[in-house]
Amino acid sequence: MAQRQERARGRELMPAKKRLACRDCLRVLNDKKAETCPSCGSASITDDWSGYIVIIHPQQSDVAKIMGINEPGQYALKVR
C-alpha cells in the first residue's frame with residue numbers, strides 16, 4: 001500500500017533489496033549508483049544490509065534515540 005501511495009505522489013521506489021545503505025549513518029539510499037551518502041557525505045556505501053525502518057518524527061521516537069538518528073528518513077537496522 002505504501003508503494004502505491006509513493007507512486008501516486010510521482011515517486012517510484014526501488015525494491016529494498018536493490019537499494020544501498022550508508023555504513024556510517026545507516027541511511028537507505030534510493031540511488032543504486034550513489035558513490036557518497038547525501039545525508040552524511042560518507043563514501044562508505046554498501047548493498048550488504050538488512051532490516052528496514054522508517055523514522056518520521058525522530059524527536060519523538062525511542063528507536064531513533066537509541067540508533068542516534070536525528071533526521072526523518074529510511075534507515076537500515078544492520079549494515080555489514
How would you order 55-66, 20-31 from highest to lowest mean count of nearby Cβ atoms within 10 Å?
20-31, 55-66
Let me check I've understood the local charge: for residue 40, count other residues with C-beta under 13 angstrom from its C-beta, Lys and Arg +1, Asp and Glu -1. What total comes out?
0
What is the distance, in nm, between label points placed 7 Å from the Cα along the Cα-to-Cβ direction at residue 35 and at residue 48?
2.2 nm
Sorting check: for 68-80, 36-48, which peptide has the highest mean count of neighbouring beta carbons within 10 Å, and how do the rest follow?
68-80, 36-48
Among 18/65; 32/65; 32/78, which pairs are too far apart, with a Cα-Cα distance over 24 Å?
18/65; 32/65
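Taken together, the values in this text are just the output of simple stated rules run on the coordinates, not laboratory data. On a predicted model such as this, the values are computed, not experimentally measured, just so you know. Using ideal geometry, Cβ is built from the backbone for each residue, glycine included, and neighbour counts are taken over all protein chains shown.
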